[in-house]
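Throughout, read-outs are computed from the coordinates displayed, never taken from laboratory work. All figures in this text were calculated on a predicted structure; none of them were measured in a lab. Neighbour counts are summed over all protein chains in view; Cβ atoms, including those assigned to glycine, are modelled from backbone coordinates with ideal geometry.
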Amino acid sequence: MRPFEFHRAASIGEALDLLAQPGTHPLAGGTTIIDLMKLGVENPVALVDIGALPLGGIELTNDVLRIGALASNSAVAAERTVRSAFPAISEALLSGASGQIRNAASMAGNLLQRTRCAFFRSHDWPCNKRVAGSGCPAQEGANTHHAVLGTSEHCLAVNPSDVAVALLALDAVIAIRCHATAREVPLADFYRLPGITPHVETVMHPGELITHIDVPKSRLGPKSTYLKLRGRASYEFASASVAAAVFCETGLVAEVAVALGGLGTVPWRDREAEALLLGKPLTKETIAVFCRALLAPARPTEANRYKLDLASGAIHRALMRSAAC
Ligand SMILES: Cc1cc2nc3c(=O)[nH]c(=O)nc-3n(C[C@H](O)[C@H](O)[C@H](O)COP(=O)(O)OP(=O)(O)OC[C@H]3O[C@@H](n4cnc5c(N)ncnc54)[C@H](O)[C@@H]3O)c2cc1C
């Protein structure tokens, strides 16, 4: 690990002042950035511990669930209002990591965690995400766990966040501040496809701080569910995951949202594909049509083609589970 400066911010203003210095990154729970610094993948000039900032609240108002950037994954998952109004968020969080890690892990840190691609995390290999323009051995190498959606010839790395998938299905909005401005970005626009710049992963700029996440109340929220398929029952990232919510009237789909994890270079959703379900009954056939449209842009390798079947099965189960509740 390279030497770095360490600061502890006592206020949001102080944190933003410190973050305005080039190469300075926030430190929240530290469950992922410290690992990446030890691996030499992240080399910040300075870290600003933001743990003391008043950004840990979880509040449900008439219109919106507001989750502070520093709210821990455990606290959000356990919150009664989250479990009843947006169960997919709680289920997604509980499916991730371990109890100890979830206690330390923050919501913003979860959204900003980097990929688990083994080529990215090892200096034995080139990686366009780690060193722009150096190459992507995953294209021809071991890519069983890599992405099938949103890939480019420069990157196949999967976005690993579970809760981002639930938040995408629920139309969450990320609130971001820097020294001069505050802005809100729908989660649907937050992550960037790798294209020719895989090292640019989100729309955030240096010096910016996520302050909170807003999830609008909706009739889909209480019916939302999260299903995660993985190589072992716990403490494992998704091979394929689905956040789904469907609202039926007189047996026909009136509103639906489906987001995928474990398959995409970014959490994946396609509203045009969802529209194919509207006004239809939820049957094996209508869900199969939806899955075909949703997965049509997939570019699997021989080794990760299995993810398409996993996803289709998971989508079917998640939609049926949501419709039944
Ligand atoms: C063994 C292990 C297993 C895991 N399994 C899963 C899993 O199955 N599913 C899953 O979804 N996750 C999993 N995780 C990831 C875990 O959820 C994340 O490590 C955690 O959520 C990161 O939060 P943190 O507060 O510790 O972030 P930190 O490590 O403190 O920060 C992460 C990044 O976010 C930035 N950051 C933090 N807060 C802010 C902010 N407010 N504004 C701007 N930037 C900020 C930091 O600068 C850093 O770049 C796992 C992690 C480990 C170590």
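Cα centroid separation, the stretch 195-228 to the stretch 108-129: 18 Å. Since only 31, 50, 1 are under comparison, the one whose Cα sits farthest along the positive direction of the charge dipole of the stretch 1-52, derived from C-beta charges on Lys, Arg, Asp and Glu, is 1.
With the contact rule set at Cα under 8 Å and sequence spacing of 6 or more, what percent relative contact order holds for the stretch 230-324?
Contact order relative to length: 31 percent.
Taking amide H atoms as placed 1.01 Å from N in the peptide plane, the amide H of residue 280 lies under 5 Å from those of 253, each 5 or more residues away in sequence or on another chain. The chymotrypsin sites (Phe, Trp or Tyr not before Pro) of the stretch 177-272 that DSSP puts in a loop, and whose beta carbon has at most 14 other beta carbons within 10 Å, are 235.
Rounded to a whole number of µm²/s, how large is the Stokes-Einstein D of the stretch 230-324 at 20 °C and 1.002 mPa s, given Rh as the Kirkwood radius over C-alpha pairs?
Working: Rh = 13.7 Å.
For the chosen part, D equals 156 µm²/s.
So which GluC sites (Glu not before Pro) in the stretch 108-207 pass both tests, a DSSP loop state and at most 15 other Cβ atoms within 10 Å of the Cβ? Listed in order of number, the matching sites are 140, 153. For residue 266, the residues whose modelled amide H falls within less than 5 Å of its own, excluding neighbours fewer than 5 places apart on the same chain, are 159. Determine which lysines satisfy two conditions relative to residue 307: a Cα distance under 29 Å, and not lying fewer than 8 residues away in the same chain. Here the lysines satisfying the reach criterion relative to residue 307 are 129, 223, 228, 280, 284.
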